[in-house]
Structure formats: structure tokens, C-alpha cells
Amino acid sequence: MAASQQHTPVEEEAPAAARPGERETAPGPAGGPPASTKPGTQKPGRRRRVETTLFTLPAFLFQLSWGWYPMIMAFVLSFTDAALRRPVQFTGLESYQRIWDDPLVAQSFRVTAVYTVLSITLTFFIPIFVAILLMEMSRRHIRWMMLLWFLPLSGVASTVLFRYMFNAQYGLFQWVATKVLGLPPQPFLNSADQVLFWLVVPGILFFGPGLIYMATLQSIPASYFEAAEIEGAGFWRKMWTISLPRLRPIISMLLIFAIIGSTQAFEFPTIMTGAEGSPGGAARTVVMYLFQLLQQLRYADATALGVYLFVITMTLVVIQRRFFREDPDT
Amino acid sequence: MPGLEVRDLVKRLGDHTAVDGLGFQVEEGEFFVLLGPSGCGKSTTLRIVCGLEQPDAGRVVVAGRDVTALPPRERNLGMVFQEYGLYPSMDVFGNMAYGLQAQGGLSEDEIRRRVEEAAERLGLTPHLASPVTDLSGGEQQRVALGRAMVKDADAYLYDEPLSNLDPKMRHRVRRDILAMHRDKGKPTVYVTHDQTEAFAMGDRVAVVARGKVQQIGPATELAENPANMFVASFIGSPPMNLLPGRIRDNGSALSVEVEDTLMELPEHWRGSLAGLAGGQVVVGLPPGSFRISAGNGLKGEIADVEALIGETVVRLRTPGGAELSVVFRDGEEGQLRVGETLSVSAVSNDARLFDPATERALTRD
């Protein structure tokens, strides 16, 4: 009874419009059965409407003040001089021109591009196959491997640990390189050519989304795999025909996240290589340079750089969506 | 030796013994049904035959080859599942060709020819290029059937393939399965909990319960001469009435006393009754063996009356507290009302006797 009344839109509209003053203040006798309220059919509808508004309002305000407003203002700010102590002057595309001509910006985009490509190729696809391989193991092994592989680790702690491991004098990697493999001493993070590669390597070991793949794989009905096994399918064929098609939408979504994540890389390279992205800015990503601009109080230039990054990221995401259409079957 | 043989299978799942020394033989070209209530071990048995489960003991021999230790893909079997087991990312053709492509050894042309032929026979030709997810349940199950049909398997297995289909579709797929079976001439093992299905399709039916084969035989054999009390209480709708009774033997005539009613028994029971302790038996009376009697038969209060097409099922509650199912097929019962008392007598030739201690059927001389 009550449910059908609540979904009658005509009755929902009428009282709310008739008594607009009551809407915010009196949500009505909460929890009371519809029969106890005077007009009967009208109260639940109105209360529902008020509640819906009340519940969505905080989120809406938060999104507005911390999400859309800063985003729009940043965009607006990029066309001004963003002065702090005097009235803001409109400067048109000046900041954009300055950023365009800045050789350090070009360098930071090159760094970010290499970092993104490296991190997607080295860290994005491995967990998919590891997850599929894990599912082939016995239940007991799966549980142990999940625990080991996806052990929740503190990001800062592991980052600091990796800084030690990469240390050119006494780090673990240096020891492996010189003592175990018998190579000459390696520069690791100190080499402009290698620094980005080594920054990506820890990502191979720490990869949380693998759990999402495993959860998806576990949701595939066992009968698919069983039927395939009886039909004579081996591991690879099962993977291509069952596991991967099922993972497609998830892979697509996580790939977007991974692209956005690496184009906006900041914390990890900063902690590992310093704010300058040494050596010589070889590890300075776009966001790191943007942060540097902010510290120099060049707000207009920083926002203009931010807009450039936004446009590029957006383009990548759009391209990705084109190539990686959602599977209509799942 | 061709055919399919399962020998002394044992499968334990934790503390529970799902399959307990189960065995049977299926001839080449025979349609063999495993029938039993859910949880009786019939599906586990089938999963062991196709290799999805490993038995704790016992052997599976297909076409003279011991396949017990082989993985499913090396057993060369065709199987149809209850949930179809189709691949939603592929079209009908891809699904039907899946097994042939996975096994290799056949040319693309040959695969195409076989799939198209199977699709034609199953009425799936217009759907070959559509995604399987666009198909109805019955069509999907026919695709699964087609996938088994295109193969040259040594044996075909069905795990409750009709359970997810509506009654009309069930008949259609049933005919398709039988047609395919006749065509292939290979051993077929078909698992179901539905007696009608089992009897309509199976050359022989094995009744399975508690992980064991209780009895193997054609439908009439199972219905008329159940080997034990389980089979008697499971087969038939309604199944045989099982009532405790006491043997009376005055030397010249043999009779059994059921709830104050004496029923004469044919002489051929004498031999097996001789060894029975205390004269206690369980009497099995088929629901169709009753006639309305003048008042000297079994009496009971009518608990409910189901008027079906061509027959009426009446349930009686006897003064002793037993329930009695009686089926009338000739309309002799007239108008019956719930709450009335009815007196019936059974045709003594139809009665079956069981040893209450072993639950086994007693044999006639």
C-alpha cells in the first residue's frame, strides 16, 4: 500500500507545491503509518521528496564547493594574472603562451609520457595474467597467494623502503647487481636514462586492483570452465574465450584509472627523487612541475599547465573508450 | 570392449560419502539414466565420469580405455549441462564450433560443415550468427546440444539438461536428445531427478540413493518389482504404499494382516517367508491395485481427492495412522468427499513384500 502511494508522482508534486514553506522545516511525523496522517495519501510522497533533497544536498554542496567551483575557477584563473594582493587582471592566453614556450614544461610532458607508457606496459597487464594463473591453483593455494600478493602495505613505508633499496651505495639492488650478478655498480635513480624505469618497477610488486580481477574471475560460473575443459580446451584457450572476455569491462575501467593515475603521478616520484625530479628533471612529471610553479606563486601559469594536462588526459580517455568499447554481453 | 563402464566408484566430500561403491555398465548405443533424489550422488558420479572430479576409489572405462586418471579434455566425451555452459562472448556458431576448434585436427571447412548440419537439424540455422545471450533458454540448450552433436565423442553425458526449461521446450529438447542419441549410437548417460523423463527416455534406468545404485532396470521392472523399500517409495506418482504387516499362516492358506484386515497371499510367497523372523513384513501395495470393497477391506478417512485427467488420486488416512494413496482409473469411485470413510481392498497378486530388517524385497518362488 504505502509503497504504491509513494511512487505516485502526481500526489508527490501537489502538496509540495501547495505548501512550499513546510518543505524544509517539517518532514512530517516520521515513521508514522500512512493511515494516521490526515490527508493519507499525500504525506509519504512529500516526506520522500524532502528526504531525497536533504540527503543529496550535502553531497551536492560538497561537490559544488570542492569539485566544480575550483575546477571552473582554475579555468577562469588561467586567463588572468592571478594576482594575490591587487585586483586580478585579464591577460588572455598569455599564461598559455608562456607555458607553451617553457622548455621545462616540454621536458615534464616527455617524462610523464614515458612514465605512463612504462607503467602501463610493465604494471598494468601483469596482474591480469597473474590473477588468471592464480585461479588455476587449488583453493588453499589461492587463499595463500591472495594474502601474500595483496597484503595491504603502507604506501609511505614501502616507498621509503624502496628508496633504501635503490640507494646507489648501500641499497639492496646495488648489492644484487654487483655481488650476485657481478655487474659494475649501477646508477639506478641517479641515471637520467634509467630513473623512470626504476620508478615503475615497484609498481609491479604493489598492485591492489589484482583483487578486483580475482573477484571478477571468481564470479564466472564454474560451468563455463567445466564445459570448456570437457570440450578439450587448454589453459590458453580458456583464458582467451572465457576469462578475458569476462574481464573486459573491468580491464577497460581500470585502464582508464591507470592512465589518469600515471599522467598525474606526483607523490611517488617526488619522494623517490626529490621535488626537482633529479637528476636534472629527468623524473619531474607534469604535476611535479605544476607544484613547483605553485611554490613560486605563479598561479596563473600553474592553472594553465593544469588545463593542458586536463585536455591531454581527457583526449587519452576518449581514445581509450573508442578502442575499448564495453562488452555488450556482460 | 566398447561402451562405458563405471566400477566401484567412491567419492568422499568431507565427512560425507557422496558416492559409495557405485557401479554400472552402459552398452554401445544404450540410453542409460541415473535417477535419484537430489544429493543422492548421481551428479557427482557424472562429474567423475567426465573428469571434473577425481574419485577416491574406482575406475571409469570409456570405449575400452581406462580414463580415470585423464583430464576431461583427453576423455573425448560430449556433455550437456543444466546451465548450458555456453560462452556469452561468442555467437551460436562459435559456441557450437568451440570443441572442434579446441581439439584441432579438423579443417575449417569440415568444422563449418558439421556445425551447419547440426544447426539445421536443431532448427538453429537462423541464429548461427547471433550472440547466444539473445536466445531463449530452450534455444540455448539446443546450442549446447549442438556443441556435443558436432563431435565424434566416445560417449555422451547429460546433467539434468531439461531442468531449466519450461514444459513445452522440455519435450522439444527431449526429442532432439533422443534423435541425436539414435544417430550417434554411442553410450549415453543421462542424469535426472524426474521419473517421467527417466522412463520416457531411458533404455534402462538406475535408481540411485545414498551414493549407491539401488536397482537397475527398465521402467516397468522398477515400478512393478522394486528391489527394496527405497525404490518402492521413490518410483511412481504416487509411489507404492508401504504398510507394516504380519504374516498369518494356518498351514493351508497364507495371508498377511494389515491393520486388522486380512489379505490373502498367493502361495508363491511361502518359500521366502519361511526364513522371516517373527512374521513381520512390510507390504507394498501399488496405488493402482485397489478396488472399492463392500466393507471388509482397508478402511480410511478420505484426506484429499485429486481429480486428474483420466485418473483420480485419493489419499486415505487409516485408523492406524498410515497414509494410503489410491489411484482409480475407471471412474468406479463415483463422487468422493473429504472426510468420508472409504473401504478398499487390494488385488493380492499385485502386493509386494519386503523384509523390514534389510528393507529388501522378498522373492517369489
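The values are calculated or read from the model by the stated rules, or taken from the named source; none is laboratory data. From a predicted model like this one, the values you see are computed outputs, not experimental measurements. No Cβ is skipped: glycine too gets one built from the backbone with ideal geometry, and neighbour counts run over all protein chains shown. Side chains are part of the model used for accessible areas, which takes the heavy atoms of the whole protein and leaves out ligands, DNA and RNA. Shrake-Rupley method; radii C 1.70, N 1.55, O 1.52, S 1.80 Å.
The residue that is least open to solvent (accessible area, probe 1.4 Å), among those in region B:14-28 that are free of Cβ contacts under 8 Å to residues at least 24 places away in the same chain and within 19 Å of B:Gly39 (Cα to Cα), is B:Gly14. For region B:66-75, check the following and say yes or no: at least one residue is under 25 Å from A:Leu244 (Cβ atoms), within 10 Å of chain A (Cβ to nearest Cβ), open to solvent by less than 20 Å² (accessible area, probe 1.4 Å) and out of contact with any helix residue (DSSP H, G or I) (no Cβ under 8 Å at 6 or more places or on another chain). No, region B:66-75 has no match at all. Can A:Ser278 be described as of a type in the set (S, T, N, Q) and either part of a helix (DSSP H, G or I) or not assigned by TED's automatic domain parsing to the domain that holds A:Pro103 (or both)? In short, no.
Listed here are the residues, each with its yes/no results for (1) within 25 Å of B:Val6 (Cα to Cα); (2) in contact with a Leu (Cβ under 9 Å, 6 or more places away or on another chain).
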position: B:Leu100; (1), (2): no, yes
position: B:Leu145; (1), (2): yes, yes
position: B:Ala153; (1), (2): yes, yes
position: B:Asp166; (1), (2): no, no
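Applying the condition of being surrounded by 18 or more Cβ atoms within 10 Å (Cβ to Cβ), small (Gly, Ala, Ser) and within 14 Å of chain B (Cβ to nearest Cβ) to region A:218-271 and asking which residue is nearest to the chain's Cα centre (by Cα) yields A:Ser243. Checking each residue in region B:144-169 for being buried (at least 24 other Cβ atoms within 10 Å of the Cβ) and either more than 14 Å from chain A (Cβ to nearest Cβ) or assigned to a helix (DSSP H, G or I) (or both) picks out B:Ala144, B:Leu145, B:Gly146, B:Arg147, B:Ala148, B:Met149, B:Leu162. You will find that of B:Arg172, B:Arg121, the residue that is within 23 Å of the chain's Cα centre (by Cα) and away from chain A (no Cβ under 12 Å) is B:Arg172 and no other.
Filtering region A:114-149 to residues that are surrounded by 16 or more Cβ atoms within 10 Å (Cβ to Cβ) and within 18 Å of the chain's Cα centre (by Cα) leaves A:Tyr115, A:Thr116, A:Leu118, A:Ser119, A:Ile120, A:Thr123, A:Phe124, A:Pro127, A:Ile128.
Selection of region B:62-119 for residues being over 17 Å from A:Glu226 (Cα atoms), hydrophobic (A, V, I, L, M, F, W, C), in contact (Cβ under 8 Å) with a residue 40 or more places away in the chain and outside any helix (DSSP H, G or I) yields B:Val62, B:Ala63.
Residues of region A:153-183 that are touching a residue at least 24 places away in the same chain (Cβ under 8 Å), open to solvent by less than 80 Å² (accessible area, probe 1.4 Å) and part of a loop (DSSP other than H, G, I, E, B): A:Phe166 alone. Selection of region B:48-65 for residues being open to solvent by less than 30 Å² (accessible area, probe 1.4 Å) and more than 14 Å from chain A (Cβ to nearest Cβ) yields B:Pro55, B:Gly58, B:Val61.
Within region B:91-104, the set of residues being under 16 Å from B:Gln141 (Cβ atoms) and more than 7 Å from every other protein chain (Cβ to nearest Cβ) comprises B:Val92, B:Asn95, B:Met96. Looking only at residues that are crowded, with 20+ Cβ neighbours inside 10 Å and in contact (Cβ under 8 Å) with a residue 60 or more places away in the chain in region A:184-202, which one is farthest from the other protein chains (Cβ to nearest Cβ)? Only one residue tops the list, namely A:Leu189.
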